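The values are calculated or read from the model by the stated rules, or taken from the named source; none is laboratory data. All values derive from a computational prediction rather than experimental measurement. In this analysis, Cβ positions are derived from the backbone assuming ideal geometry, glycine residues included, and neighbour counts consider all displayed protein chains. Note: accessible area is taken over every heavy atom of the protein model, side chains too, but ligands, DNA and RNA are not part of it. Shrake-Rupley method; radii C 1.70, N 1.55, O 1.52, S 1.80 Å.
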Amino acid sequence: MAEQTLAPGTPVEEMKPAAVVEVKLTRRSRVEKWAFLIPALLFQLSWGWYPLVVAFLLSMTDARPRGPISWTGFQSYSRVWADPLVGSAFRVTIIYAALSIVLTFLIPIIVAILLMEMKPRVMRWMMILWFLPLSGVASTIMWRYVYNQDFGFLQWIAMDVLGLERQGFLASADQVLFWLIFPGILMFGPGLIYMAGLQSIPQSYYEAAEIEGAGLWRKIWTISLPRIRPIIVMMLTFAIIGSLQVFDWPKLMTDGGPGGASRTVVMYMFDLLNSLRYSDATALAIFLFILIMAITITYRILFKEDPDS
Amino acid sequence: MVRVELKHITRKYQATSESSEEDAKRPALDDVSMTIEDGSIVSIVGPSGCGKSTLLKTIAGLEYADSGQILYNNVDVTRIEPGQRGVGMVFQDYALYPTMKGKGNLHYYFEVHQRTEAEMEQRTREIAQIMGVGFEVLIGQKTDTLSGGEQQRVAIGRCIVRDPYVFLMDEPISNLDAKLRERTRIEIKKMLRKFKVTTVYVTHDQQEAIFMGDRIAVMRKGKVEQYGTFDDLYFTPANLFVATFIGTPPMSVIPAVVANGRLMIDQAGWTLPDEIAAALNGQSHLRFGMRAEGWEVDAPDGIPMEVRYIDRIPTEQAAFAHGTLGGISVTVIIPIDHPEVTTMRVTPRWDQTYFFDATTETALRTPGVPDLF
Amino acid sequence: MSSKNASKGLSRRDFLKTLGIGGAGAAMFAAGLPAFAERESSASFAPRAQNANVTLQIAGFPYTVPTAEPPEGGYTAQQQAFLAWMEQNPNVRIESIEAPIWGTGELRTLITGGTAPAFFHPGVLALWTIEGKHVVFNQGLLADLTAQYEEFGLETQYSDAVRAGSIEWEVGGARFGLPEGVTPGNGIFFRRDIFEEAGIEPLTVDSTWEEIEQKAAALTNESRLGMGTQWWGVEWMLASEGYGKAGLFNYLPTPENGWNWRFDYTSYPEMVEATARYRRMIHQDRSLGSNYGDWELLGQFFNGTMAIVTVPLQFFTETGDIGPGALAAQLDRPLEEVVGAIPHPRGMNGMYGPEGRPGVSVISVNPDFDEATKSAAVSLYQYMSLGEGFVTQRRLAFEQTGNLQRVFSPYPFVSVAQSIEGVEGTPTDAWGQEYIDLVNYTTTTAAGYPMRGEFFPPELDLGPTESAWGDATSLLRDDPGDLDISATYQTAQDIRNTQAEAFSSVIPDDQFIAAAQAYYQANAEYWQANFPDFYENTYRPWFEQVIAPRLGV
Amino acid sequence: MSLFPKVGRNQPGLRVTWTLVVAVLCIGIFLHLIPFYFMIVTSLKTAPEIMRIPPTLLPENPTLAAWQLVFQVSAGSTILRQPLYQYFLNSCIMAFGTLALSLPITSFAAYANSKLQRGRGARWTFLFFIGTLMVPAAVTLIPTFLLTRNFPFPVPTVPNIPGTETPFPVIRTWNTAWAVIIPGVFSAFNFLLFKGFFDTIPNSIIQAARVDGGSEFNIFRRIVLPMSIPVFAVAAYLQFSGVWDSFMWPLLVIQDSTRSPMSVAIYNLINVFMSTGTMRPQASLATNEQIRQLQEAGLSWNGLVVLGILQTIPIFIMFIVSRNYLLKGVKIRGLK
């Protein structure tokens, strides 16, 4: 009714107040907003937060997989807090996260930016080859073989090709974190995401910059990067969270060795679970959760949305 | 077509990540009331963050007022959705739908309002005629291949095609380069005259506001400081803010003291005419405002002003002398053949003086709109 | 046995149930606690009638469920036996399911959620330690099969080796596991042909680690490592000296503390010395590769890229593509000329480590089963691993391949019977005298080695994780530099002792002391009887100085 | 794009830079391809050659035996309980089922959060949606598993309605494809991805559409969706490969081998090969029989690698498909 009443072309005289009053309360966009949100809210509540709350409650008990159970308050927390290995696991995790972000985060961005430079046909092929996916299991097998200390491909390169001393690779407490991250430098490319963001930049921006005499790096710095900034911020958030929770990869590659130099918090949590210590594992996870929260919040404050962007 | 009335519109600020702490505390719109007459063009001008865009969006229905009423021809549309208010809006960044061609942009309105294909085509053709040469070609193209000016035309076409009650423009030409801006401004003005659509035009540029608007609303911090014609604003500013905001070069405002019937700036001063002294309500500390053209130079009772430099403008057959008076920058219009000096004596023409309260900044005395005819 | 102490607190299910109610209505949370606890304890798991229809869900272990249609090439011998049992037991429904029974976390999750398969290996849950299995049983993750042992008279059907290893399937009188294989323990394989080629004397049962070290160095060349061992390889050398993960000397009973054990890794020069040898072999001689899994080692051994490997001895009877049998066949030489096998060597002071001790591999049953289902499961097991089905399988295997090795693999059998009706030949014919002698040696000498799990009542917790110890050994394995071995052990010791302080034991102090006394007494007897030099020179002084005062003896 | 100007490319400085860029890209590709090369080569080797150290760079006796073995295995064999296509089909159901539910629901939420919500409400909703990202999955594994059994009760047995003998009604998804699909319906990662993209869409475009009178859903469908093709392509690809490659969760919740996805079938095989890694010989013994069966069937690492390649192929196809959509998005933007 409202539509008919107020649609253009309607003689102005017909716009009577009475006709409008009826739609006064319909806030269609508000209803629609909830229609958009509710399915996701429900799923996130029931399969995201609900299990987490259950797990959290378990951390306040002496829960075991079966058998008697009773409330123990913060006993698990104090036990985990006193465990000397927890501290070293946190240290390893933070170093791993920092190193992996420093070494691997920028590469896909730069590659994506450079790939966009290629001629369309070349780009299509290079894109396939650069971001060619490999299933996780296969890559574990391959890299374990490459890193083998005695006969591995990399040792062969180090000793026979480069003439270096015998290298420890994953077996060296000093190098292990780097070599764990190394495949990520070559293999993992969320580059598609950046390419998706990059191509929304109008050509004219670059032309304008060119007229102003901007060089290659200036264009990347002043146009490409700022324009995909939200995606970068998002990916970085995810990279931080993800690398602080890293588990599968070091578990399969080193199982925490040597000397716990690559044992991350989640790996130690897994050790605790395997020792049938539910509540301790959950308590440790809560500590990690707090750390991740703190880092993420700090990061979001530091990289607050630029009002000019 | 429609008279738009705003009655005591208040809108609390919705803090976004972009708003500063200070902005977050005050309302975005603070008891705004104004009436936009049928077919008139109103410019809303003010510094950034003053709430002018929010006001425009509230008129469009994109933002809802927390309290107050918006009436279109006495019909309360406060809670009506934007799509049903029959408004057309042009955005600063044109906001064309990037995945559609120009035509698609024009047609979207008809599509969602379930109009017939024929009507849609008919209106598009009509608009193309009004919009002039090449518009048909423009709307056949992808919008992101168009230049800024072309996009602007499509965006305006998109608004006009629906025959809107109210035309809302949010800094529509600020993204164009200077020359194009000048031309487009004229084009828009011509077009608005032709359609006689009620228009609200938001800009941060007072020149543009003056050019476009039949009436001008000056906003600051969510409040309409003054709403009136250019002459109203120029000659009878409601307060210091409006006075300094309107006019080029900006009004010089000098702190002054009234003592013993004399207007004192630092140590020097002039004798105050009686009728002005009476208007000042016996206030002693006040702000004394003068526009560049209000000064008389080299008069006998003038007080010395240090001249920093003189800017001669041959086309205007005049020159601006930029100097300092009472520690404040002052601009004075002088004859173009005035010799280079380091100091000159200046005297206000008393009928062109402005006085403002030092604390409330409200106007105590203004020249008033001159009766030219 | 106090595994089901229902009186203490709520059962896990009650708790979770309460959480569930909480999800539906938080108000019920507080009120629901006692009510549910009461109801559950009175009415759960009522036994069904013996002949009720029951379902066994089997995840490929320990028997492959025969498909409805015979596969190409027909059913395997085992599947044929299985089919025969199914015909005899029409009331039991057999379902073949996919379940991750080899992952600790996964299997634990399945049991918690009540969706575990009928059979699984308790070692998966227990990190493969004996004490762990007892803890896991104590926590209710394994079915109590005591009644079924009685019902089927299982114990009388087991061979001596199985009965000697009862610690693997029994705790405090309760049975939790069904033996399905006997392992002769860990040992060392060496390539006789490579030794011969290099002109090196083969290893013998009396070989020492020193000798192995020298021979491994001599056998190392560009394309071959003298020796290969698992990533926990240092444990082998430590165990021979009485140290390591479960080492006799590393555990100090401390009954006065909450957790009854403390750890001592720093008091022994032999421990450092053995570690130094291990590091020397890896980093100095480069004669030892120590980062391999069992099957990788077997593969390297097969390829001749490792001349000596440490593997479970039963790999000798491995009939696959890379087993010793296949190697002999490939080289076209008799098995005994190609592959040699010895138990782990004795240590410097004459000790024989526990790693050579034979063991019993057992399967456990879903703890959610009622008595009838448990009986059905045990019936299947009894048929397939001990009884008629077992004989059928082996005979069929022989008929299909004509290979004696298929019959006596793995050897020795779980059952009392050591030969199969209808099959001419003995294990010696299949595997050679040397291997049989070796098995006899380990089953007589090493079997008596006292294990902690045999003497101490089961705990409810596993105690400190093994992470700190694992860190020390992996560092010692991997770090090529001048690592201070003592300091490394010191770190591990400190961490584990700190961790131990946070735990408490469910064993009363007097019980613990009694168990400890029995344990050290058994040790004394064993060492005195088998290795008197070690007893006199090492064990007795150690006991008197270190252990006796701690136990207040 | 044009980081490099269209004219003046022959300038020596620019030419050096250009060559450098191309060289870097090519070297990256070379390094990236090494694992793929080894996978393919390994699949062509014989079983003993795989164990050879140092590894051979080219197979000595190239053979398709491993490929034949994997494709010829019949249902019910030790290697695969079901025919290969059955596993493949199950994987497809799970992966596409997840995409069909997850992409709309997640993108709706991200859109609403980005464009419809504002202020504190938006921030809290945002945190509500991404907060679970900060929790390691291992923590919620068991409660989530229990929920697939009896939603909404995280318990193995459903309690009775108080005062009656009938249990509460529950939703059971365990042992069906739903158990894999439903917990993955809301993807916090994709939510962030979508939101990051929607945030780049100028508000004015949405507002223009509102002024035009489009309903929010219509705006989403007609204006936002066509603009977002690239990000949908990326999200679909990432989620597809995630679901396709996941084995831990399907392993827990699906016991019926006729419903197992391919990843589980492969994982089960690999697990048999890898499970022997403990000090206790019992562990080896327990899995001996299975390994023996596999080896008798002729399966070794080369066969597993073949399965690994087969497992990678759908991800690869999805990659190509989503790349095409991504490039379509490029075209829309007039990037010639």
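Among the helices (runs of 4 or more DSSP H) confined wholly to the range B:62-140, which include 2 or more residues that are open to solvent by 20 Å² or more (accessible area, probe 1.4 Å), closer than 22 Å to B:K194 by Cα and free of Cβ contacts under 8 Å to residues at least 12 places away in the same chain?
B:117-131
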Item checked: Candidate set: the range B:332-350, residues that are free of Cβ contacts under 8 Å to residues at least 60 places away in the same chain, part of a strand (DSSP E or B) and not charged (D, E, K, R); chosen: the one surrounded by the most Cβ atoms within 10 Å (Cβ to Cβ) -> B:V332
Note to self: Looking only at the range A:222-264, filter to residues that are over 30 Å from A:P65 (Cβ atoms) and basic (K, R); which one of those is most open to solvent (accessible area, probe 1.4 Å)?
What the structure shows: A:R227
Margin query: Go through (1) farther than 16 Å from B:M100 by Cα; (2) within 11 Å of another protein chain (Cβ to nearest Cβ); (3) open to solvent by 30 Å² or more (accessible area, probe 1.4 Å) for B:R183 and report which single condition fails.
Written below: (2)
Notebook entry, point to check: Looking at (1) more than 28 Å from the chain's Cα centre (by Cα); (2) farther than 30 Å from A:V176 by Cβ; (3) surrounded by fewer than 19 Cβ atoms within 10 Å (Cβ to Cβ), which is the one condition that is false for A:A82?
Noted result: (2)
Check: Looking at A:A40, A:A55, which one is closer than 25 Å to C:G113 by Cα and in contact with a helix residue (DSSP H, G or I) (Cβ under 6 Å, 6 or more places away or on another chain)?
Finding: A:A55
Note to self: Which of the helices (runs of 4 or more DSSP H) found entirely inside the range D:176-242 contain at least 2 residues meeting this: among the small types (G, A, S), open to solvent by less than 20 Å² (accessible area, probe 1.4 Å) and farther than 30 Å from A:L134 by Cα?
What the structure shows: D:203-212
Margin query: Would you confirm, using the coordinates I've provided, whether C:K215 is under 23 Å from the mean Cα position of the chain (by Cα) and among the basic types (K, R)?
Written below: no
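Is one or more of the residues making up the range C:192-205 touching a His at 6+ places or on another chain (Cβ under 6 Å) and either more than 14 Å from chain D (Cβ to nearest Cβ) or surrounded by fewer than 18 Cβ atoms within 10 Å (Cβ to Cβ) (or both)?
No; the residues of the range C:192-205 include none that is touching a His at 6+ places or on another chain (Cβ under 6 Å) and either more than 14 Å from chain D (Cβ to nearest Cβ) or surrounded by fewer than 18 Cβ atoms within 10 Å (Cβ to Cβ) (or both).
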Checklist line | C:E155 within 25 Å of C:A446 (Cβ to Cβ), part of a helix (DSSP H, G or I) and within 14 Å of another protein chain (Cβ to nearest Cβ) | finding: no
Check: Looking only at strands (runs of 3 or more DSSP E) that fall completely inside the range C:232-334, which ones have 2 or more residues that are open to solvent by less than 20 Å² (accessible area, probe 1.4 Å) and within 11 Å of another protein chain (Cβ to nearest Cβ)?
Finding: C:288-292, C:306-312
Note to self: Quick check on my filter: what residues within the range C:91-143 are among the basic types (K, R) and open to solvent by 10 Å² or more (accessible area, probe 1.4 Å)?
What the structure shows: C:R93
Check: Looking only at helices (runs of 4 or more DSSP H) that fall completely inside the range A:183-291, which ones have 1 or more residues that are within 14 Å of chain C (Cβ to nearest Cβ), touching a helix residue (DSSP H, G or I) at 6+ places or on another chain (Cβ under 8 Å) and over 30 Å from D:V321 (Cβ atoms)?
Finding: A:248-253, A:265-274
Check: Taking the range B:262-299 as the region of interest, how many residues are open to solvent by less than 40 Å² (accessible area, probe 1.4 Å) and not in a helix (DSSP H, G or I)?
Finding: 16
Next item on the list: Those residues that are more than 7 Å from chain A (Cβ to nearest Cβ), in contact (Cβ under 8 Å) with a residue 24 or more places away in the chain and part of a loop (DSSP other than H, G, I, E, B), I need them from the range C:473-496; list them, please.
Entry: C:L483
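Conditions (1) more than 11 Å from every other protein chain (Cβ to nearest Cβ); (2) buried (at least 21 other Cβ atoms within 10 Å of the Cβ), marked per residue:
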| position | (1), (2) |
| --- | --- |
| C:G402 | yes, no |
| C:V407 | yes, yes |
| C:Q418 | yes, no |
| C:V423 | yes, no |
| C:W431 | yes, yes |
| C:D437 | yes, no |
| C:S467 | no, yes |
| C:D471 | no, yes |
Next item on the list: Can you run down the residue pairs with Cβ atoms below 9 Å, 6 or more apart or on separate chains, where the first is in the range B:281-300 and within 18 Å of B:P367 (Cα to Cα) and the partner is of a type in the set (V, I, T) and assigned to a loop (DSSP other than H, G, I, E, B)?
Entry: B:G289/B:T366; B:A292/B:T248
Next item on the list: Might you check whether a residue that is in a helix (DSSP H, G or I), open to solvent by 20 Å² or more (accessible area, probe 1.4 Å) and more than 9 Å from chain A (Cβ to nearest Cβ) occurs anywhere in the range D:136-143?
Entry: no
Next item on the list: Could you tell me whether the range C:88-104 includes any residue that is within 24 Å of the chain's Cα centre (by Cα) and more than 10 Å from chain D (Cβ to nearest Cβ)?
Entry: yes
Check: Hey, does the range C:521-542 have a residue that's under 28 Å from C:Q139 (Cβ atoms), touching a residue at least 12 places away in the same chain (Cβ under 8 Å), open to solvent by less than 50 Å² (accessible area, probe 1.4 Å) and in a helix (DSSP H, G or I)?
Finding: yes
Next item on the list: Using the structure shown, decide if C:R346 is over 27 Å from the mean Cα position of the chain (by Cα), over 26 Å from C:R163 (Cβ atoms) and assigned to a loop (DSSP other than H, G, I, E, B).
Entry: no
Next item on the list: With the checklist (1) open to solvent by 30 Å² or more (accessible area, probe 1.4 Å); (2) touching a helix residue (DSSP H, G or I) at 6+ places or on another chain (Cβ under 8 Å) in hand, flag the one item D:L89 doesn't pass.
Entry: (2)
Next item on the list: Looking only at the range C:77-84, decide whether some residue is outside any helix (DSSP H, G or I), out of contact with any Cys (no Cβ under 8 Å at 6 or more places or on another chain) and more than 7 Å from chain D (Cβ to nearest Cβ).
Entry: no
Check: From the residues in the range D:203-256 that are in contact (Cβ under 8 Å) with a residue 60 or more places away in the chain and within 22 Å of B:T54 (Cα to Cα), which one is nearest to the other protein chains (Cβ to nearest Cβ)?
Finding: D:E216
Note to self: Name the single residue that is farthest from the other protein chains (Cβ to nearest Cβ) among those in the range A:97-136 being of a type in the set (A, V, I, L, M, F, W, C) and not in a helix (DSSP H, G or I).
What the structure shows: A:F105
Check: Mind checking which residues of the range A:265-288 are surrounded by fewer than 24 Cβ atoms within 10 Å (Cβ to Cβ) and among the polar types (S, T, N, Q)?
Finding: A:N274, A:S275
Note to self: Please determine whether any residue of the range B:222-239 is crowded, with 17+ Cβ neighbours inside 10 Å, assigned to a helix (DSSP H, G or I), over 11 Å from the mean Cα position of the chain (by Cα) and among the hydroxyl-bearing types (S, T, Y).
What the structure shows: yes
